[in-house]
Amino acid sequence: MVLDKIQQENDIKKLTKEELETLRFEIRDFLIDSISKTGGHLASNLGVIELTMALHLCFDLPKDKIIWDVGHQSYTHKILTGRKDAFDTLRQHGGLSGFPKRKESDCDAFDTGHSSTSISAGLGLAEAREILGEDYHVISVIGDGAMTGGLAFEALNNASHIKKNFIIVLNDNEMSISANVGGMNNYLSNFRTANAYRGLKNDVVDSLNRIPGGERMVRKIRNAKNSVKQMFVPGMLFEQMGIIYLGPVDGTNISELCRVFRDAKRVDRPVLVHVLTKKGNGYLPAERHPARFHGTEPFDIKTGLPMKKRTKSNYTDVFATVMKKMGEREPKLVAITAAMETGTGLKRYHLAYPERFFDVGIAEGHAVTFAAGLAQAGLKPLFVVYSSFLQRAYDEILHDVCLQNLPVVFAIDRAGLVGSDGETHQGIYDISYLSTIPNMTVMAPKNKWELSDMLKYAIRYGGPIAIRYPKGEAYDGLREYRAAICYGQAEIIQNGRDVALFALGSMVSTAEVIAKNLEQKGFHPTIINARFAKPFDQDAIRQLAEHHRLIVTMEENVASGGMGEHISDFVQKEKLSASVLPIAIPDGFVEHGNIALLKEELGISADKITDRILEEL
């Protein structure tokens, strides 16, 4: 196999043209086979195999710096830098990350995981290169979807000021190639980057600037030139920002990609290379269903169907069902997503109420302020978003929603540990950062029935309110405990003595197991479903302190700023007699791995919590 010749970075440059042609098919087969066993991001990686090969052929790693926006499309990059043999550990605890990681390889120039960041990071590297007098190329690879993020345009605006080479690769997997436009742009690209043309252009400008009235002539010529180019060149948006545009170029043609990258390296200013790719390229099920193969579980290669069939609904399914029903009952309900319609369960709502559905693209900050505007005008907006992505909109939540006390509902999916995606995707900070904001209410359901009740409550609530719920199968237990939701009130699940388990959301089911463990040791614990992280039920805490030696707070959130920290502070200020044992995720970043294994390692599994309680007692 040609693939076996790739043992470290730059080995690809030793291959013949025929071997390169074979290599791209071997990489495609390897990725399909490997990801079918481990799961991972397939469609995006199949789309950039040739693009990645061209980058590795044209640049010298690790000297040159490639920054992958989001980074979930970096699998071929990992293979070409000698990490192929680690792919059987992909996204597993202690194994290969699904995203770039500097600690994995010097060829990973920047750790990424969220969208729209690569141009900013790349510009920082490029400016540092100039200040330090170093010599290397910086290449930021960004997808067309990520270009909807405001951060990308902020970076483009600043990139125009740099006077040295900085290459931005726009990985566009939504457009088809037009032969006429492509041919015209190949010609213009060659012409505009040729040394003779650039030299002539600079000489003409310098000469005109030296004569009286020359500056005005230069402006008129530029205006006339731009008016003509605007009709023919699709990249004029970038050109007007001071960034040379090259393309579009066929993202499956390695020789053509290499030609354009060689042209781009000659430009002594920012240059954008527009590459047209196709998600799932070369594997029909992924081509047909790119969203389903964005992040996939292990699957059957022949059919593309998951190996493990889901028999129970997950929390996203429950959310989807309730939203569709509430759309009918609440004509003012409006749903918003940031490019995650399928992942967040809004597809059914969209089909039923298209005029009340908005996909704003990868723009979480805009989504929140947009929701604030809708709310101020009298609608009932609900923004559904993954916990780790809501972090990107903290200022908008504080300033545009909570300051005005507007009725915006935040449905926070993937709250708590998410497992395989690792540090950048763990939803373990939302209680902490939302609890700092006045007027914000934060809830978490113990099971699927309570998620339904909380959604209905939140939609009819009159202020900012958030519901956090975890990834994975929806808990079906404790369905007989379904007391009406009352603002700021907890729910008693089991009365006891000695120790009280004050559990929030996903930790209520864990509390059930802990209670049984403690009963075997002769204790009779109380179980309380907290329901509200903010405001937590102060009356319940006072009553628990009267009859229990120990109150154990339990949450799937970091300790700092979490519910447990707030309750501990409250007990101390009130001078209550009970001790508080806060159970939370230790402050820090949590790597990728199986959720059950991570809970054990972090000390928030039922057995680990039981041991800590027994020690305390």
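Here are some notes:
- Pick from region 467-512, criterion touching a Gly at 6+ places or on another chain (Cβ under 8 Å) and in a loop (DSSP other than H, G, I, E, B), ranking: surrounded by the fewest Cβ atoms within 10 Å (Cβ to Cβ): Lys471
- Selection count where residues are open to solvent by 30 Å² or more (accessible area, probe 1.4 Å) and free of Cβ contacts under 8 Å to residues at least 40 places away in the same chain, scope region 58-88: 2
- Filtered by the rule that a residue be under 25 Å from the mean Cα position of the chain (by Cα) and on the phi > 0 side of the Ramachandran plot, region 55-95 gives Val70, Gly71, Arg91, Gly94.
- Positions within region 579-591 being modelled with pLDDT of 95 or more and open to solvent by less than 20 Å² (accessible area, probe 1.4 Å), in sequence order: Leu581, Ile583, Ala584, Ile585
- Selected residue (only one of Leu51, Leu55 is farther than 17 Å from Gln8 by Cβ, modelled with pLDDT of 95 or more and not hydroxyl-bearing (Ser, Thr, Tyr)): Leu51
- Flag for Thr441 being open to solvent by less than 20 Å² (accessible area, probe 1.4 Å) and at pLDDT 95 or above: yes
- Of the residues in region 336-351, at least one is open to solvent by less than 70 Å² (accessible area, probe 1.4 Å), acidic (Asp, Glu) and in contact with a helix residue (DSSP H, G or I) (Cβ under 6 Å, 6 or more places away or on another chain).
- Any hit, region 370-382, residues being closer than 23 Å to His294 by Cβ and assigned to a loop (DSSP other than H, G, I, E, B): no
- Of the criteria (1) open to solvent by less than 20 Å² (accessible area, probe 1.4 Å); (2) of a type outside the set (Ser, Thr, Tyr); (3) modelled with pLDDT of 95 or more, which one Asp106 fails: (1)
- Where Lys446 falls short, out of the listed (1) at pLDDT below 95; (2) over 24 Å from the mean Cα position of the chain (by Cα); (3) of a type outside the set (A, V, I, L, M): (1)
- Residues of region 302-320 that are of a type in the set (Val, Ile, Thr) and either at positive phi or loosely packed, with under 14 Cβ neighbours inside 10 Å (or both): Thr303, Thr311.
- Checking Ala128 against (1) over 19 Å from the mean Cα position of the chain (by Cα); (2) buried (at least 20 other Cβ atoms within 10 Å of the Cβ); (3) not β-branched (Val, Ile, Thr); (4) not in a loop (DSSP other than H, G, I, E, B), the condition it does not meet: (2)
- Of all residues in region 390-397, none satisfies being open to solvent by 20 Å² or more (accessible area, probe 1.4 Å), among the polar types (S, T, N, Q) and more than 16 Å from the chain's Cα centre (by Cα).
The values are calculated or read from the model by the stated rules, or taken from the named source; none is laboratory data. Small disclaimer: the values here were computed from a predicted structure and weren't measured. Heads up, the Cβs are rebuilt from the backbone with ideal geometry, glycines too, and the neighbour counts pull from every protein chain shown. We work out accessible area using only protein heavy atoms, side chains counted, and drop any ligands, DNA or RNA first. Shrake-Rupley method; radii C 1.70, N 1.55, O 1.52, S 1.80 Å.
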